[in-house]
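Asker: So that we are looking at the same thing, I have put the structure below in structure tokens.
Laboratory data are not the source of any read-out in this text; all were calculated from the coordinates shown. Keep in mind that what you see is a predicted model, and the values were worked out from it rather than measured. In this analysis, Cβ positions are derived from the backbone assuming ideal geometry, glycine residues included, and neighbour counts consider all displayed protein chains.
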Protein chains: 6
Amino acid sequence: MSETHRPSGRQPDQLRQVEIQRHYTKHAEGSVLVAFGDTRVLCTASIEERVPAWLRGKGEGWITAEYGMLPRSTGSRMAREAARGKQSGRTQEIQRLIGRSLRACVNRQALGERVVTLDCDVLQADGGTRTAAITGAYVALVDAVNVLMKREKLKRNPIVGAVAAVSVGIYQGSPVLDLDYAEDSSCDTDMNVVMNDGGGFIEVQGTAEGHAFRRDEMDALLGLAEKGVGELVAAQRAALAG
Amino acid sequence: MSETHRPSGRQPDQLRQVEIQRHYTKHAEGSVLVAFGDTRVLCTASIEERVPAWLRGKGEGWITAEYGMLPRSTGSRMAREAARGKQSGRTQEIQRLIGRSLRACVNRQALGERVVTLDCDVLQADGGTRTAAITGAYVALVDAVNVLMKREKLKRNPIVGAVAAVSVGIYQGSPVLDLDYAEDSSCDTDMNVVMNDGGGFIEVQGTAEGHAFRRDEMDALLGLAEKGVGELVAAQRAALAG
Amino acid sequence: MSETHRPSGRQPDQLRQVEIQRHYTKHAEGSVLVAFGDTRVLCTASIEERVPAWLRGKGEGWITAEYGMLPRSTGSRMAREAARGKQSGRTQEIQRLIGRSLRACVNRQALGERVVTLDCDVLQADGGTRTAAITGAYVALVDAVNVLMKREKLKRNPIVGAVAAVSVGIYQGSPVLDLDYAEDSSCDTDMNVVMNDGGGFIEVQGTAEGHAFRRDEMDALLGLAEKGVGELVAAQRAALAG
Amino acid sequence: MSETHRPSGRQPDQLRQVEIQRHYTKHAEGSVLVAFGDTRVLCTASIEERVPAWLRGKGEGWITAEYGMLPRSTGSRMAREAARGKQSGRTQEIQRLIGRSLRACVNRQALGERVVTLDCDVLQADGGTRTAAITGAYVALVDAVNVLMKREKLKRNPIVGAVAAVSVGIYQGSPVLDLDYAEDSSCDTDMNVVMNDGGGFIEVQGTAEGHAFRRDEMDALLGLAEKGVGELVAAQRAALAG
Amino acid sequence: MSETHRPSGRQPDQLRQVEIQRHYTKHAEGSVLVAFGDTRVLCTASIEERVPAWLRGKGEGWITAEYGMLPRSTGSRMAREAARGKQSGRTQEIQRLIGRSLRACVNRQALGERVVTLDCDVLQADGGTRTAAITGAYVALVDAVNVLMKREKLKRNPIVGAVAAVSVGIYQGSPVLDLDYAEDSSCDTDMNVVMNDGGGFIEVQGTAEGHAFRRDEMDALLGLAEKGVGELVAAQRAALAG
Amino acid sequence: MSETHRPSGRQPDQLRQVEIQRHYTKHAEGSVLVAFGDTRVLCTASIEERVPAWLRGKGEGWITAEYGMLPRSTGSRMAREAARGKQSGRTQEIQRLIGRSLRACVNRQALGERVVTLDCDVLQADGGTRTAAITGAYVALVDAVNVLMKREKLKRNPIVGAVAAVSVGIYQGSPVLDLDYAEDSSCDTDMNVVMNDGGGFIEVQGTAEGHAFRRDEMDALLGLAEKGVGELVAAQRAALAG
């Protein structure tokens, strides 16, 4: 892959520096501050001993997610969604994506009749907030499940694999990994890829508003995503071992 | 590709019967009833001589979309979103997808300072409502633009290509094209693919809740989508020539 | 009655062409597309085996209605109520009227503890949408009740009579039957009349914003309505016999 | 007309005691407390020197109305609409009715580019709140217009007639005038009639949920309404002369 | 205390004329029209034989309050909160304050599992609406409790003391009691004080937007409040004895 | 003052450990993480070059505040206000308090026609979030104003004094300073006090739900607050000098 002039000076296939800090706040069963470069997202996992009405009596649990950005996590202040009285379409799309992604790594029968809510709140945004959120939420989820294991509430571990996510895109004609805001805002073809630690694809969401991408470009992007997710899964493991 | 036992008896790479009926209602500049088998969506294109506040004075137009399902378009009655007082996350995701997809085939400078709104209302649902909506909305958009051309409001045609969409998925272990409801509800890996008539990908949204898909499966699905979109673009052309 | 110059060339006491198409969509227990000239309304009747909280345990059912207009059913596009987040006062008035009108022809004890919801969605508007909706909803309701009869869920038929509706008004000084949009928008005295097949009045809603109507005018209007409803009831019977 | 056994002991064609108290509160340009028996409604008329956007530059004004019930104006406490976050369909129907009725007695060109808002708030309810509101709002409107006349803001009086309203219905088989709550709640056929002082009908809203009314019953009801409105117009004149 | 030039000519420590009229409307268990000068608030107390979900089975009751202003209770018309679809922050603050204040004089175990709702609706505003509301709501609450006592629903009286409220503030440099609108709108330091009849403070809410107040000023204000509340408690007693 | 047995072992007049960390996030003009013990609030100050409509053309600026709690900042997860679609009454009260408090230290003419929004988001709650928010927001505001000074947008410094806040209350019969959650939840008399650095009171909000406090208790509480705010102002100075 040829060299590009990324604003950050990174190689095309280079992630930003990833940091995963566990136990960031004290109340939640899982609480992780994840950083992809300057993007910082606080992911908490909260356990509640209830299930939604439509799951009652089925002997299985549920994983759901909510997403928000602090009003001044961004370059110019955004309106607070609680004050506006509704969540934007973008917010809803992202929290549905996070929920689906994390459900893909859980055996809901093994979880039993309880809900784990993953709250992903962006403290500082610099591109890739949804992929950082998924990557961090996985670690928070594992911590929360371990709390249940320690309390002997579970017969077996409901976590059936790891999940992580990264963005890829075409920047100035070349495929690059893990776009930051400077790249994201000047490129109109990007793709968010969620994968498990077995190399399986959980979600692929590619958008080419204005410029359609060719099949060979898509192949290159998927290759970059596989490399990136591999490194993110390693970072998750290291954090959980810490 | 090996034979599958699709509930409809279709071949794995076979679309449902596609019908595109123009001028279905009389008021809209473009009005198309599109059928993918039993899925029927009314797509209207409405022209308004205004632009959103954030585009004022920039000399370019906007394409936007709204999506809805009639409450009894489905097997059991759904709550009416107007009565509930808000659109679901799913509705918002779909209408954002339709809007982005159609913007990808329009030169907004050539459109000038006006808005085209694509309303896609599902009269009857049997899987694939969003892909039918995109495919039909393109024809309604062309009809509406032709109205502008006849009124000599445009110097050149702002349509820069055709756009169509189809779903693909893994059903009982095999890749299939254009899932109907019976397939969609029993398969947990599916992908909606939006392409232009030049073979470029505009949107790829693959979701594998529960079962991740492998890279070779993805390759097969993309191949099916390319075939399906090719046939849909031909159907659009035939309808517009009619 | 003296001749008038109606835009459509109709006689003062002449209905528009009425068409009642049953089984228009496949999921609903009753599904009727009704046309009063260019006004087209899709009326579905949906049965649910539940009652509202305030009827629980009383051994009787409920009939309710919802009404909507597709955004481009009209000459210029209207805002979508689901997107605006609320139904207009006009919408609520109309759906309350439809519900009351249809309840007037049902024995709710004989219906048993279930709800029939009549969804009336205007595909194309040209005046008289609420009267077309009531007239079509009656046929959809009968079809839905017949489904229950065939399934042997009812001991006796809860339908106790037919219901139909028509508008009347003073156009250019003369009373006319079944106003279309051209008449409706230039006349400020009109009345919607809902009647049963025994000649009884169920609802009379006359409005004279700007010009009050005299007692003799009201008598003439009620006479026209009686004639019109008589023909509509015949059309309903013919459709149900078809 | 034969005698009935009305709970109040009134004759069939007898109004409740009507009181119209002007200048009930001090801030509004018109402020009237109207009583129809135990029903008490505070009607204020507020002048604002603006017009709605759709009337700007047309040289005419607007009359609008809002209606509310204090939570404990009724026998059991109702939820406060401001707390519930929306007005009920019934509230919207009534305030639309009041607005249309009062616009029928105003020359909007003569009013000039200003808005008069009629707020009708029910302090105590005992049936007939909407007819009392219309009857009282007319007096408040006249007072407000007179304020404008004294300030020499108007060239000529925009009030072109008086407006009053009364309910009629079939109670225990006989037509009666001005139903109170005891009658209203046990009768399923009633009609609200708004008329001007020239004997013209402005609104007729008859509802027969459950029991349809015959043509001869309607004639009797309209006759009662004419008598009742005549007395109410006299009461308005007396109050304005006071 | 030195003389001030209050717009009303009152002495610095002089309340406005206070009137407390019981049984103002007929449906509510307690119904009081309270006047502090030109400020008039209708306070009703409604008993419901239910408790909120979070109190179920605890053997105790609840006191809650709602507050509203009629749109033209003020000098210029305010938007109706029910029409705007939400209560303002100010409204919510005030109704929370009223609820807390009245709960402070009730033994909720003695009340038993029922709710008393205090609706305080401002008919005419001239400053001090929240203090008038608290003072009047207490009398309405006592009347409602006495209804329960007469019905022998209570073993002992749950009222454990009287509660009244008054505002104090710094006007043109001097502390004054019971600010009217003319004073309130030109002074930026005021305090609402809620006390019981034993001289205990229940709520103190002092606000100095723009000008901070000194400790000695606060002492003077608290002294004025003690005097004012003493007189208000006497007025409550006189009204209840009437 | 006699010794108490505070859960934390603190002296009655002892603050928790206070930390004020500036430049916590990178986008906002002022960004402060303030900690009062385990209570942690992120306070950002955002400058926008606009004024609200009602201040246009008056040559002065505005200071406003918004407050939120992350869903799992507390012991059990709270519903997200953006998802519920509205801010609670408590949230609105607190953000109105923060806004008023900070406006008290700003000369709005000197600020010029711009808005500073103070977003106070609670990352972790352990009592006293509103007082921590005010104390931290002041430092963020000073940082933001200094950005304007450096950009030479201001002729003179609009900050006219420092503002800080602390809670006081009666815990087990004794007055204590700076209540943590363990104390707050078991005491029913507490007061939030906002003061400036000149010893003036800006806001005093004392609430005694259930137990009224005596005048001598109030004196003791005000004395504690004066001591606490003095130390907080010193901490603010130290942070700003750092």
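Asker: Can we say residue E:199 is within 29 Å of residue E:173 (Cβ to Cβ) and surrounded by fewer than 16 Cβ atoms within 10 Å (Cβ to Cβ)? Show your work before the answer.
Answerer: Working: within 29 Å of residue E:173 (Cβ to Cβ): yes; surrounded by fewer than 16 Cβ atoms within 10 Å (Cβ to Cβ): yes.
Considered against the rule, which asks whether it is within 29 Å of residue E:173 (Cβ to Cβ) and surrounded by fewer than 16 Cβ atoms within 10 Å (Cβ to Cβ), residue E:199 comes out as yes.
Asker: In this structure, is residue A:130 in contact (Cβ under 8 Å) with a residue 12 or more places away in the chain, charged (D, E, K, R) and at the interface with another protein chain (Cβ under 8 Å from one of its Cβ atoms)? Step through it out loud before you land on a result.
Answerer: Values: in contact (Cβ under 8 Å) with a residue 12 or more places away in the chain: yes; charged (D, E, K, R): yes; at the interface with another protein chain (Cβ under 8 Å from one of its Cβ atoms): no.
Criteria not met by residue A:130.
Asker: Which residues, counting only those in region E:135-162, are more than 18 Å from residue E:29 (Cβ to Cβ) and either part of a strand (DSSP E or B) or not basic (Lys, Arg) (or both)?
Answerer: Matches in region E:135-162: E:135, E:160, E:161, E:162.
Asker: Let me ask something else about it. State whether the residues of region E:228-236 include one that is of a type in the set (Val, Ile, Thr), more than 21 Å from residue E:35 (Cα to Cα) and either more than 11 Å from chain F (Cβ to nearest Cβ) or buried (at least 18 other Cβ atoms within 10 Å of the Cβ) (or both). Show your work before the answer.
Answerer: We begin by selecting, within region E:228-236, every residue of a type in the set (Val, Ile, Thr); these are E:229, E:233.
Restricting the remaining residues to those that are more than 21 Å from residue E:35 (Cα to Cα) gives none.
So far as region E:228-236 goes, no, none of its residues is of a type in the set (Val, Ile, Thr), more than 21 Å from residue E:35 (Cα to Cα) and either more than 11 Å from chain F (Cβ to nearest Cβ) or buried (at least 18 other Cβ atoms within 10 Å of the Cβ) (or both).
Asker: Please go through region A:122-149 and pick out each residue that is under 15 Å from the mean Cα position of the chain (by Cα) and among the small types (Gly, Ala, Ser).
Answerer: Of everything in region A:122-149, those that are under 15 Å from the mean Cα position of the chain (by Cα) and among the small types (Gly, Ala, Ser) turn out to be A:125, A:127, A:128, A:132, A:133, A:136, A:137, A:140.
Asker: For the subset of region D:172-213 comprising residues that are part of a loop (DSSP other than H, G, I, E, B), out of contact with any strand residue (DSSP E or B) (no Cβ under 8 Å at 6 or more places or on another chain) and polar (S, T, N, Q), which member is farthest from the other protein chains (Cβ to nearest Cβ)?
Answerer: Out of the qualifying residues, it is D:172.
Asker: So residue B:20 fits all but one of (1) within 16 Å of the chain's Cα centre (by Cα); (2) facing chain C (nearest Cβ under 10 Å); what number is the exception?
Answerer: (2)
Asker: Looking at region B:60-72, which of the residues that are within 27 Å of residue C:29 (Cα to Cα) and more than 7 Å from chain C (Cβ to nearest Cβ) is nearest to the chain's Cα centre (by Cα)? Let's see the steps before the verdict.
Answerer: Here is the first cut: in region B:60-72, the residues within 27 Å of residue C:29 (Cα to Cα) are B:67-72.
If we keep only those that are more than 7 Å from chain C (Cβ to nearest Cβ) as well, we get B:67, B:69.
Values: B:67: 10, B:69: 14 Å.
Here the residue is B:67.
Asker: Does residue E:44 count as surrounded by 14 or more Cβ atoms within 10 Å (Cβ to Cβ) and farther than 19 Å from residue E:95 by Cβ?
Answerer: On the way: surrounded by 14 or more Cβ atoms within 10 Å (Cβ to Cβ): yes; farther than 19 Å from residue E:95 by Cβ: no.
It is false that residue E:44 is surrounded by 14 or more Cβ atoms within 10 Å (Cβ to Cβ) and farther than 19 Å from residue E:95 by Cβ.
Asker: For region E:60-72, enumerate the residues that are in a loop (DSSP other than H, G, I, E, B) and crowded, with 18+ Cβ neighbours inside 10 Å. If you could, list the steps in order and put the result at the bottom.
Answerer: Filtering region E:60-72 for residues in a loop (DSSP other than H, G, I, E, B) gives E:60-61, E:70-72.
E:61, E:70, E:71, E:72, listed by residue number.
Asker: Could you list, in sequence order, all residues of region A:150-167 that are within 14 Å of the chain's Cα centre (by Cα), within 14 Å of another protein chain (Cβ to nearest Cβ) and β-branched (Val, Ile, Thr)?
Answerer: A:163
Asker: Is it fair to say residue F:121 is of a type in the set (D, E, K, R), crowded, with 24+ Cβ neighbours inside 10 Å and either touching an Asp or Glu at 6+ places or on another chain (Cβ under 8 Å) or assigned to a strand (DSSP E or B) (or both)?
Answerer: Values: of a type in the set (D, E, K, R): yes; crowded, with 24+ Cβ neighbours inside 10 Å: yes; either touching an Asp or Glu at 6+ places or on another chain (Cβ under 8 Å) or assigned to a strand (DSSP E or B) (or both): yes.
Yes; evaluated as a whole, the condition is true for this residue.
Asker: For region B:156-164, state whether one or more residues are surrounded by fewer than 21 Cβ atoms within 10 Å (Cβ to Cβ) and farther than 16 Å from residue B:99 by Cα. Outline the logic, then answer.
Answerer: Kept after step one, since they are surrounded by fewer than 21 Cβ atoms within 10 Å (Cβ to Cβ), are these residues of region B:156-164: B:156-157, B:159-161.
If we keep only those that are farther than 16 Å from residue B:99 by Cα too, we end up with B:156-157.
Within region B:156-164 (the criterion being surrounded by fewer than 21 Cβ atoms within 10 Å (Cβ to Cβ) and farther than 16 Å from residue B:99 by Cα), the answer is yes, since at least one residue qualifies.
Asker: So, of the residues in region B:202-213 that are within 20 Å of the chain's Cα centre (by Cα) and touching a residue at least 24 places away in the same chain (Cβ under 8 Å), which turns out to be surrounded by the fewest Cβ atoms within 10 Å (Cβ to Cβ)?
Answerer: B:205
Asker: Looking at the structure I just gave you, is residue D:114 charged (D, E, K, R), surrounded by fewer than 24 Cβ atoms within 10 Å (Cβ to Cβ), more than 13 Å from chain E (Cβ to nearest Cβ) and under 25 Å from residue D:60 (Cα atoms)? Don't jump to the end; show me each part of the working.
Answerer: Working: charged (D, E, K, R): yes; surrounded by fewer than 24 Cβ atoms within 10 Å (Cβ to Cβ): yes; more than 13 Å from chain E (Cβ to nearest Cβ): no; under 25 Å from residue D:60 (Cα atoms): yes.
When the stated conditions are applied, residue D:114 does not pass them.
Asker: Taking the residues in region C:214-226 that are over 23 Å from the mean Cα position of the chain (by Cα) and assigned to a helix (DSSP H, G or I) as candidates, determine which candidate is nearest to residue D:161 (Cα to Cα). Give the derivation first.
Answerer: So the first thing to find is which residues in region C:214-226 are over 23 Å from the mean Cα position of the chain (by Cα), and the list is C:214-217.
Now drop any that are not assigned to a helix (DSSP H, G or I), which leaves C:215-217.
On the way: C:215: 18, C:216: 21, C:217: 20 Å.
Here the answer is C:215.
Asker: Only residues in region F:82-106 that are closer than 30 Å to residue F:154 by Cβ and free of Cβ contacts under 8 Å to residues at least 40 places away in the same chain count as the first member; pair them with residues that are surrounded by fewer than 18 Cβ atoms within 10 Å (Cβ to Cβ) and among the charged types (D, E, K, R), Cβ under 9 angstrom, at least 6 apart or cross-chain, and list the lot.
Answerer: If the second residue must be surrounded by fewer than 18 Cβ atoms within 10 Å (Cβ to Cβ) and among the charged types (D, E, K, R), the pairs left are F:96/E:90.
Asker: Restricting attention to region B:31-54, and to residues there that are in a strand (DSSP E or B) and over 15 Å from the mean Cα position of the chain (by Cα), which single residue is nearest to the other protein chains (Cβ to nearest Cβ)?
Answerer: Step one: list which residues in region B:31-54 are in a strand (DSSP E or B), which gives B:31-36, B:39-48.
Now restrict to residues that are over 15 Å from the mean Cα position of the chain (by Cα): B:46-48.
On the way: B:46: 4, B:47: 9, B:48: 7 Å.
Result: B:46.
Asker: Right, something else. Test of understanding: among E:75, E:89, E:57, which residue is facing another protein chain (nearest Cβ under 7 Å) and exposed (fewer than 15 other Cβ atoms within 10 Å of the Cβ)? Steps first, answer last, please.
Answerer: Numbers: E:89 fails: exposed (fewer than 15 other Cβ atoms within 10 Å of the Cβ); E:57 fails: facing another protein chain (nearest Cβ under 7 Å).
Result: E:75 is the single residue among E:75, E:89, E:57 that is facing another protein chain (nearest Cβ under 7 Å) and exposed (fewer than 15 other Cβ atoms within 10 Å of the Cβ).
Asker: A further question follows. Go through region A:94-111 and give me each residue that's more than 10 Å from chain F (Cβ to nearest Cβ), in a helix (DSSP H, G or I) and within 15 Å of the chain's Cα centre (by Cα).
Answerer: Taking region A:94-111 first, the residues more than 10 Å from chain F (Cβ to nearest Cβ) are A:94, A:96-111.
Remaining after also requiring in a helix (DSSP H, G or I): A:94, A:96-103, A:108-111.
Across region A:94-111, the qualifying residues are A:94, A:96, A:97, A:98, A:99, A:100, A:101, A:102, A:103.
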